[in-house]
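The structure appears below as structure tokens.
What follows is calculated from the coordinates using simple rules that are stated; it is not laboratory data. Just so we're clear, the structure is a prediction, and the values are computed from it rather than from any experiment. Positions of Cβ are generated from backbone atoms using ideal geometry, with glycine treated the same way; all protein chains shown enter the neighbour counts.
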Amino acid sequence: MRRLSATDLLGYQDIRPETPETIELGDLLVNYLAQLGVEYVFGIPGGAIEPLFDALARSQRRNGPRIIVSRHETGAAFMADGYSNSTGKLGVCCATTGPGATNLVTGVASAYANNIPMLVVTAQTALSTFGKGAFQDSSCTGVNTVSLFDSITRYSSLISHPEQFERKLATAIMKAFQAPSGPVHLSIPIDVFRHSVTSANPRFDMAGLVSKHALLDHDAVEKLYFALVNAKRPVFLIGDAAGDAIGSILSLAVKLNAPITTTPHGKGLVSPYHPLYYGVVGFAGHQSANELLTSEDVDVVVAIGSTLGEWATNGCGEYNILNERLIHVESSESNLTGSPMARLHVRGSLETIFEYLLDHLETETNSSKIQVNYGFSDIQSTSEGFSPHLVLNDVSAFNDDREPIKPQRLMKELAELFPPHTHYFADTGTSFAWATHYLLPHDRRISGKRNARGGVFRACLEFASMGWAIGCSVGAALARPGEATVCITGDGSMLMSGQEITVALQHRLPVIFVVLNDSAYGMVMHGQKLTGAEQIGIALPTIDFAAVARGMGIKGFVIRAVDDLRALQINELLNHSGPTLLDVRIDTNEIPPISVRTSSIKHFR
């Protein structure tokens with residue numbers, strides 16, 4: 001037999017199978033994120049999470065998902081929240097084992113309370129170290145992080161074997177987007193993270209798995225249509241989950257000439273200049289909205305995309321909303337549990353429901369089967385320009401230009417200073433109360449199609465985490481480059497989470513941070529006064545936050561009066577490659593519109 005020559009061997013090399021590409025599970029995870037269009041992962045490095053950071057470094061070199069390093073893990077979760085809400089995509093945050101994981105809890109709990117789809121990835125020490133007292137042991141034999149996250153996520157699981165990885169990842173992400181949406185948690189030991197796989201291609205089509213289907217309960221929608229066209233005076237109450245359908249909802253309201261109110265969550269979806277807008281109901285809301293809902297003329301209240309929890313109904317009570325006049329329209333079954341007394345529940349895709357209603361109404365109107373009042377002939381603008389139906393608590397303070405600047409006037413000036421479609425984030429505390437009631441952005445859209453992520457105002461309500469807006473505004477600015485982003489926060493929140501503004505500095509994000517500086521925990525201070533409680537634990541040192549910002553390399557200005565605001569070169573600041581901080585010394589004697597909240601607290605004294 002002839003021996004094979006070197007030339008013969010070279011010929012055989014061409015037909016030998018290629019060696020499969022080998023990657024780590026961390027890379028596969030990042031590839032799944034890329035499949036979903038996720039651009040950023042927010043977190044802080046550490047030993048056990050390094051496999052994911054290595055994968056993100058490789059991803060960044062090929063223009064894939066990349067890491068944004070926060071200053072505290074809670075800030076990372078807040079940033080993921082802002083990114084998700086601004087894009088509709090999955091928010092992703094990560095942390096190392098032990099305190100890295102536990103530091104995430106507040107931010108994840110906040111996302112859970114506000115139904116933010118988020119993937120939370122925490123590390124574990126190697127499987128072989130479980131039960132041996134390993135450094136920062138977070139397994140079931142240490143500080144059990146899987147159990148810790150169980151009550152604040154839609155899904156929490158340990159990946160103990162590489163073979164579980166893709167199936168559990170798919171399960172988690174699908175649950176993050178299923179109604180009710182929310183955060184999900186995967187805990188991955190370092191040795192599992194380092195496991196090699198022979199294919200870089202995701203096994204599952206994750207984008208297809210999480211796509212929303214246009215579901216419609218036809219019988220219920222027909223009943224809703226009949227109730228609307230036969231109502232004497234229907235009112236729309238819009239919550240934050242109505243964002244996907246807001247264009248169709250407003251167009252339908254215009255055709256029906258139906259008054260519009262919003263929950264505090266939904267405030268950013270409706271222009272305060274809309275001629276049918278009556279304002280916000282519930283906490284820090286408007287009396288005009290509450291009085292509308294007590295009117296004997298109103299026979300149908302259509303609540304859309306709202307849990308109808310305390311923040312939305314407090315001050316309105318069962319007499320105003322939670323009664324037999326209510327029709328509750330939801331994509332999330334769980335939201336309907338708050339309204340068992342409603343005359344009708346309508347389930348399904350909100351966008352599909354309201355497009356159907358709008359088309360149905362237009363068809364029957366054109367065929368003269370029904371008559372609808374389309375006109376706004378009786379609508380007159382206020383001297384301020386906003387809806388004539390919207391009544392503010394203190395118009396004099398809203399127009400007062402004396403020093404120190406009044407918070408009401410500050411909110412008026414912010415709307416004047418910034419472009420119409422600026423995105424505002426208001427922090428927990430009086431910042432949220434002042435902004436909910438008095439901030440009236442110049443968004444003049446009345447109806448028609450719009451971006452589902454077009455809300456111009458957002459606050460964290462149910463869980464109400466201080467410092468949320470600081471991190472959230474950074475995540476939103478990354479999601480919407482070129483769009484103006486303003487964070488309205490307080491000095492208490494800045495002292496708690498203000499370090500996150502350096503993330504905006506590092507990534508050259510022109511976020512404007514407006515600090516309401518009253519040297520106190522303002523919400524607590526005014527709440528104690530209004531409820532007759534002891535004045536304790538409220539004082540903060542007087543901090544020059546503008547100087548602090550300048551020490552970080554950030555533009556900082558002290559604002560004492562309206563003229564100081566008007567002297568700012570806003571366009572220059574919005575085009576600056578970095579953030580700006582406005583340290584606003586507000587009038588501490590002004591009482592925020594929190595009487596609804598303090599009345600409920602006082603009830604228990």
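Helices meeting the span-like rule in the chain (full DSSP H runs, Cα extent of at least 20 Å along the helix axis, mean Kyte-Doolittle score of -1.0 or higher): 73-87, 350-366.
Sort the following peptides by mean Cβ neighbour count (other Cβ atoms within 10 Å, averaged over residues), highest first: 160-168, 295-303. Walk me through the numbers before you get to the answer.
Details: 160-168: 15.9, 295-303: 17.6.
Final packing ranking: 295-303, 160-168.
Given +1 at the Cβ of Lys and Arg, -1 at the Cβ of Asp and Glu and no other charges, the dipole of segment 23-200 around its Cα centre is 240 debye to the nearest 20. Each Cα pair under 8 Å and six or more residues apart adds its sequence gap; the mean of these over the residue count of the chain is a relative contact order of 13 percent.
For the chain, give the magnitude of the charge dipole about the Cα centre (Cβ charges: +1 Lys/Arg, -1 Asp/Glu; no others), in debye to the nearest 20. Write down the numbers at each step before the final one.
Working: 47 positive and 59 negative charges, 172 e Å.
Around 820 debye, computed over the chain.
Protection proxy ranking of 337-344, 214-221, by the mean of other Cβ atoms within 10 Å over each peptide's residues and highest first, is 337-344, 214-221. A rounded overall shape is assigned to segment 218-366, the ratio a/c of its alpha-carbon gyration tensor axes (a ≥ b ≥ c) being less than 1.5.
Note on Ser577 and Ile536: the model spin-label points, each 7 Å out from Cα along the C-beta direction, lie 5.3 nm apart.
Pairs of alpha-carbon atoms within less than 8 angstrom and 6+ residues apart define the contacts here; what relative contact order does segment 395-602 have, in percent?
Working: 384 pairs, mean separation 51.7, N = 208.
Across segment 395-602, relative contact order equals 25 percent.
What shape does segment 209-288 have by the C-alpha gyration tensor, where a ≥ b ≥ c are the square roots of the eigenvalues, rounded means a/c under 1.5, and otherwise prolate means a/b greater than b/c and oblate the rest? Could you put the intermediate results ahead of the total?
Details: a/c = 2.08, a/b = 1.24, b/c = 1.68.
It is oblate, given that a/c is not under 1.5 and a/b is not larger than b/c.
Toward the positive end of the charge dipole of segment 37-161, with +1 on the Cβ of Lys and Arg and -1 on the Cβ of Asp and Glu, the farthest Cα among Ser86, Pro99, Ser157 is that of Ser86.
Based on the Cβ-Cβ distance of Asn323 and Lys223, what FRET efficiency does E = 1/(1 + (r/R0)^6) give at R0 = 25 Å, to the nearest 0.05?
Numbers: r = 18 Å, r/R0 = 0.71.
With R0 = 25 Å, the Cβ-Cβ based efficiency is 0.90.
The three principal axes of the C-alpha atoms in the chain carry coordinate ranges of 104, 65, 48 Å, sorted with the longest axis first. Per-residue ellipticity at 222 nm from helix content only, as computed over the chain with -39500 (n - 2.57) for each DSSP H run of at least four residues, stands at -10500 deg cm²/dmol. Each of Asn589, Leu509, Ala433 was scored by the projection of its Cα onto the charge dipole of the chain, and the greatest displacement toward the positive side belongs to Leu509; charges sit on the C-beta of Lys, Arg, Asp and Glu. Among 511-518, 143-150, 60-67, sorting by the average number of other beta carbon atoms lying within 10 angstrom of each residue, highest first, gives 511-518, 143-150, 60-67.
According to the square roots a ≥ b ≥ c of the eigenvalues of the Cα gyration tensor, what is the shape class of segment 23-200, taking rounded for a/c under 1.5, prolate for a/b larger than b/c otherwise, and oblate for the remainder? Spell out each step's value before the answer.
Values: a/c = 1.42, a/b = 1.11, b/c = 1.28.
Cα axes put segment 23-200 in the rounded bin.
Label separation (Asp401 vs Glu310): 4.1 nm, computed from points 7 Å beyond Cα along the C-beta direction. When the Cα positions of Gln569, Gly47, Pro183 are compared along the charge dipole of the chain, Gly47 comes out farthest toward the positive end, with charges on each C-beta of Lys, Arg, Asp and Glu.
Calculate, for Arg233 and Gln287, the FRET efficiency according to 1/(1 + (r/R0)^6) with r their C-beta to C-beta distance and R0 22 Å; round to the nearest 0.05.
Working: r = 18 Å, r/R0 = 0.84.
Approximately 0.75, to the nearest 0.05.
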